[in-house]
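To start, the structure under review is shown below, and the notes come after it.
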Amino acid sequence: MRIAPRLGIALGFVGALSTVGLGWALREGRRSEETQHFDAEVSSACERIRDEVKRQADNDRKLIGGVCGDGELADRTLVAMEREGLEDRRLAFAQLVPNQRTAFDLDALLLVTDKGDVLGVAPSALAGIPTAEVIALAKEKPEHYLQGSPAVDGIVSRCRRKGRKVTTTVIGMRKMDPLLDRLGKTINVSAASGAAAEKLISGNHADMARASCVLDDGGGKPISITVAKSRAELFEHLRQIDRTVAIAVVLASTGALLLAVLLARGLSRPIEELAAQARKVASGEAQPLSVRGSGEMADLSAAFDRMIEDLETTRRRLAATSRVAAWREVARRVAHEVKNPLAPIRAAVETLRRLRARDDPAFDEYFDEATRTVLDEVHRIANIVTEFTRFARLPPPRPAEVDLVDLVKQVITLQKANAPTTAIDISVRGTPPLVMADRDQIVQVATNLLQNALDAVKETPSPRVTVTVETNRTGRARVVITVADNGPGISPDIAARLFEPYATTKPHGTGLGLAIAQRIAIEHDGELSYIGTPGRGAVFRLALPVAGPPAISELPPPTS
């Protein structure tokens, strides 16, 4: 995987993970805050209900206290009891008590004596209260206004009015459960005490939030109040928080991923450019980088540019040194090749002079032989000089579209006349494209390779030469010409210096044919190589790029 997607994935993963972690922390914080706030709200609701119950109790005590202070009910009861006309007035009291209960909005109202005699009661369902319980209610201290009674579990308010012979007590009762239910509905909670509170406590704990508080009547008889509220509202708030956090996480993660991709591309682009130019260093085509900005990439770009400049300087120096060394070697070889024919020329001239000096009768006979030898060796020297001049002054290629298949067929047709007994086969694999090349120079290379192959198989039974033309698409597109023969092949010591000037195995060769052919291949940005195996024939391979040679301005300067 390339560096850009790797950096994008890594940075995006880190950004998304950080965002998810931050979102989870915020979510948990909000959940805890909302839960605590909800629980505090339920506890506050219990305290509010308890305070409301206290206020209701105080109001009830004031109402009942007014009855005993200057109320008509207490006064008429005492007067009737003092006159011993109670039995006659009992029915009137029984009708007066319900009216008074309705006026006070109480759940129950009793008018009793200190002996437990019930003079009036409302509602009538309480008429059957046992006398002992009535006496107990009547004898409680007046300030104990909150009490859970066996008859009524709620607020009990009372007052006494003393006469000369008897004491009357007015007892007002308010049921706790209806009061708590009414107060709870006003603040959207459920409230209960006693047995009803047990039902709230035993319910589903996961769906309800609960709080308890104590209502003290000041007389040691507290009443426990339980408040419960559904968690549905809390859960809805938490779900809203989860949705908000999830959306924020998705948006932040997407933004982090996009930012990571942009950063990765910004980092990888100069690296890719550096890699592309680094691949061109070997061929000398690398160009200075144009990386903007500062930091390590700018330093690397500057170092790469300096390296290119240093390599170009070194390449020029090496090329100059190589050219000098090459031409020294060529000069040495030319001198050697020229020196070889000079020896027989010198020997022939010296022999003629010696015969002439002594008037040897064999002079005339030897003269013809000596002059023939001198002329042959001079002709050989002329050939050496001609080939050397041709090698030194090889013109740069003038590329045009060339069909190599047609070119090879023409060369084979021309060479068949020189080797009528040799089988020359051509094999075309696929459909090779046209190449940009100098046709005359490629004909020269093909002719040289084919002539060498024909010379190699002259002494071979059933001589055969095979020429193959095919396309090689490994890397850049190239058309490859292979010339193979079934001759004896080339020995390893000659194969190692086969393309050097004046390296030849032919007694009549100059040793410049393959050197010129390889130079033509190189100047076409191609390659000429020997790939044969000793004893199995010679195989030469010429590979030419479809795009053709570089521009003339890019070629090395000609040597002279």
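A short reminder: the numbers here are calculations on the coordinates, not readings from a lab. Because the structure is a prediction, the values reported are computed rather than measured. Glycine also receives a Cβ, built like all others from the backbone with ideal geometry; neighbour counts cover every protein chain displayed.
Just a few scattered comments:
- Paramagnetic reach from residue 230 in region 14-56 [backbone N under 19 Å; point 7 Å along Cα→Cβ]: 35, 38-39, 41-43, 45-46
- A full extension of the chain between residue 199 and residue 342 corresponds to an added length of 38.1 nm, given 0.36 nm per residue minus the alpha carbon distance.
- The modelled label-to-label distance between residue 379 and residue 33, using points 7 Å beyond Cα along the C-beta direction, is 11.1 nm.
- Calculated FRET efficiency, residue 303 to residue 263, Cβ-Cβ distance, R0 = 25 Å: about 0.60 to the nearest 0.05.
- Unsatisfied cross-links (Cα-Cα over 29 Å) in the set 54/229; 62/199; 54/199: 62/199
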